[in-house]
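Input: a single structure, listed below in structure tokens.
The values are calculated or read from the model by the stated rules, or taken from the named source; none is laboratory data. On a predicted model such as this, the values are computed, not experimentally measured, just so you know. Cβ placement follows ideal geometry from the backbone for every residue including glycine, while neighbour counts extend to all protein chains displayed. Accessible surface areas use protein heavy atoms only, side chains included; no ligands, DNA or RNA. Shrake-Rupley method; radii C 1.70, N 1.55, O 1.52, S 1.80 Å.
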Amino acid sequence: MAQLAERPAAATPRIGKQGDACVMVIFGAAGDLTARLLIPALYNLARADLLSKEFAVLGVARAPMTDEDFRKRILDDVKEYCGECINSETWENFSRRFYYFAGNFGDDQLYPKIKDRLVQIDRDHSTHQNFFYYMATAPSFFGPIVEKLAAKGLMEQSNDHWRRVIIEKPFGHDLESAKALNQQLLKLADEKQIYRIDHYLGKETVQNIMAFRFANGIFEPIWNRRYIDHVQISVAETVGVEGRGSYFEHAGSLRDMVPNHIMQLISLTAMEPPISFDANAVRDEQAKILHAIQPISDQEVLTRSVRGQYGEGTAGGENVPGYRSEPDVAPDSRTETFVAMKLLIDNWRWADVPFYLRTGKRMPARNTHIVIQFRQAPFVLFRDTSVEHLMPNQLVLHIQPEEGISLQFAAKVPGPVMRLGTVDMNFEYQEYFGKQPSTGYERLLHDCMIGDQTLFQRADMVEAGWTVVNPMLDLWKALPPRNFPNYASGTWGPKEADELLERDGRRWRNFEK
Ligand SMILES: NC(=O)c1ccc[n+]([C@@H]2O[C@H](COP(=O)([O-])OP(=O)(O)OC[C@H]3O[C@@H](n4cnc5c(N)ncnc54)[C@H](OP(=O)(O)O)[C@@H]3O)[C@@H](O)[C@H]2O)c1
């Protein structure tokens, strides 16, 4: 009889090694990202004993604050966003490592002062002069800050100390600007020092795509064009722009989600097995997929992509306004809040297998998932039964909010006649492994502290992602939409998105919960 594998204890740490001794300098330490994600992630690492005893943080922003004020502020952040009681001993040991320095990023005089402060912190906490700089600030500052750090010698490494920089998204706003930022950074630092973050890769289920594919002998042999009919990737949000209208007006859904998050999901789903888990071995295979995505001509942009903008409707049972009535949004805005497209990957494994992608705001459910639809079995055996058609098998990788994997297959409905029903075999991460407190940033911050770049994007990957979407950006700009808003809040996007699949005899799988 088959036996269930033993469940690991819920509290088993996912990563066992402590980070290197170092100072993390947060540029933008008074902002939303720092409060909601970075500080809680650092606290979770401290609780799991994954921070070095020789670790410290220097926050930088304009808001005038003393070290003590900053420590009080992060206490509030941890209370609000960690949702766990604070252990006074861990807190004491954690908070005394935090320092703050007020200044303007544009001011050249700020950097020698940061340097002096770092020398002192390094001395007090024995951080071996290892520094990493987190750009938790507007993208226009990424290049200039690194430039000024380099000018003060703060990017210089040697055999006994390292210097790294974490760059937040968005990395550029089109192909040209992404290339320009790469060129600027690569003049100041080596690729090995640059950590382009995409927090999607901090999620367990995203990392699990590789484990699922390459640790299970049963799936890899059928993971190709012979057995797979198509792939769907959906990133659906129920929220609108949530007070970020001025940012979103310049970004739009295509820029915001596709070149980064969705390209990561495609590359992990489609890549060849890497020769090892070495950072460049994995990223080489991911990059090959991104380069193999078939370029889209202007004509194909019109037939293979769909853009949408939400109008008024409902969300969570409440009436909500349309995008054009949101704060800081132009009343005649042409910014898309929904995008869908069909891509093809020109390689031996995936030739002619469509990858359908969609992402949108104000959808009926918050849900990120990848659907792998397998080819249908021949119907011939069932033609003289009451079965009218066969449902294809679908394997679904659920990324958020629930993390798990489900397999849909047909089974006979009990009874004297042959009737088929569709059943699901479900694995839920949380049910099996227990819940780990996580923001998604823990793993990525820890990886930066130990020098593992596997889950960070390399320059060529970022540029390959922009190369895919650039024709759409150009054509959409040249041909402004005439039918916005074209979907009601609380629906699955414009009808053209359904038609994109219907033309190919397929349809989206929607998860309402
Ligand atoms: N928030 C998120 O959930 C999230 C998620 C993913 C990625 N990101 C990315 O993370 C970055 C930061 O986002 P955020 O939401 O945290 O932005 P934010 O709330 O606007 O914070 C920006 C920070 O930069 C500081 N700042 C702005 N101009 C400055 C200047 N001239 N000199 C010194 N400090 C300055 C601000 O503090 P002062 O006003 O005190 O100077 C603040 O601490 C952005 O690139 C964003 O795209 C954010």
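Restricting to region 179-190, name every residue that is open to solvent by less than 40 Å² (accessible area, probe 1.4 Å) and farther than 18 Å from K152 by Cβ. Within region 179-190, L181, N182 meet the criteria.
Considering only residues that are part of a helix (DSSP H, G or I) and in contact with a strand residue (DSSP E or B) (Cβ under 7 Å, 6 or more places away or on another chain), which ones fall in region 122-137? Those that are part of a helix (DSSP H, G or I) and in contact with a strand residue (DSSP E or B) (Cβ under 7 Å, 6 or more places away or on another chain): D122, H125.
Looking only at residues of region 13-69 that are hydroxyl-bearing (S, T, Y) and touching a Gly at 6+ places or on another chain (Cβ under 9 Å), we find that the one that is farthest from the ligand (Cβ to nearest atom) is S52. Contact map, region 22-43: residues that are free of Cβ contacts under 8 Å to residues at least 24 places away in the same chain and within 20 Å of Q436 (Cα to Cα) paired with residues that are within 12 Å of the ligand (Cβ to nearest atom) and open to solvent by less than 10 Å² (accessible area, probe 1.4 Å), Cβ distance under 9 Å, separation 6+ or inter-chain. No pairs are found. For the condition small (G, A, S), buried (at least 22 other Cβ atoms within 10 Å of the Cβ) and under 19 Å from I209 (Cβ atoms), what is the one hit in A279, A270? Exactly one of A279, A270 is small (G, A, S), buried (at least 22 other Cβ atoms within 10 Å of the Cβ) and under 19 Å from I209 (Cβ atoms), namely A270. The residue list T359, T368 contains one member that is touching a Ser or Thr at 6+ places or on another chain (Cβ under 6 Å) and outside any loop (DSSP other than H, G, I, E, B), which is T359. The C-beta contact set for region 105-116 (first residue surrounded by 11 or more Cβ atoms within 10 Å (Cβ to Cβ), second residue small (G, A, S), distance under 8 angstrom, 6+ apart or interchain) comprises L110/G103; Y111/A151; K113/G103; I114/G103; K115/G153. With respect to being closer than 22 Å to N347 by Cβ and in contact with a Gly (Cβ under 7 Å, 6 or more places away or on another chain), L268 falls outside the description. So for region 349-363 (the condition being of a type in the set (V, I, T), over 22 Å from S267 (Cβ atoms) and either more than 23 Å from the chain's Cα centre (by Cα) or not assigned by TED's automatic domain parsing to the domain that holds Y247 (or both)), does at least one residue qualify? Checking region 349-363: not a single residue is of a type in the set (V, I, T), over 22 Å from S267 (Cβ atoms) and either more than 23 Å from the chain's Cα centre (by Cα) or not assigned by TED's automatic domain parsing to the domain that holds Y247 (or both). The set of residues from region 190-206 being among the charged types (D, E, K, R) and within 15 Å of the ligand (Cβ to nearest atom) comprises R196, D198, K203. Looking across A236, A215, one residue alone is of a type in the set (A, V, I, L, M) and under 30 Å from Q309 (Cβ atoms). It is A236. With respect to F98, is the statement that it is within 16 Å of the ligand (Cβ to nearest atom), at pLDDT 95 or above and aromatic (F, W, Y) true? Yes; evaluated as a whole, the condition is true for this residue. The number of residues in region 176-207 that are over 18 Å from the mean Cα position of the chain (by Cα) and either part of a loop (DSSP other than H, G, I, E, B) or of a type in the set (F, W, Y) (or both) comes to 2.
Would a scan of region 198-211 turn up a residue that is at pLDDT 95 or above, of a type outside the set (S, T, Y) and either assigned by TED's automatic domain parsing to the domain that holds V462 or touching a strand residue (DSSP E or B) at 6+ places or on another chain (Cβ under 8 Å) (or both)? Within region 198-211 (the criterion being at pLDDT 95 or above, of a type outside the set (S, T, Y) and either assigned by TED's automatic domain parsing to the domain that holds V462 or touching a strand residue (DSSP E or B) at 6+ places or on another chain (Cβ under 8 Å) (or both)), the answer is no, since none of the residues qualifies. Taking helices (runs of 4 or more DSSP H) as the structural unit, those lying wholly within region 245-317 and holding at least 2 residues that are closer than 19 Å to G202 by Cβ and out of contact with any strand residue (DSSP E or B) (no Cβ under 8 Å at 6 or more places or on another chain) correspond to 263-270, 279-292.
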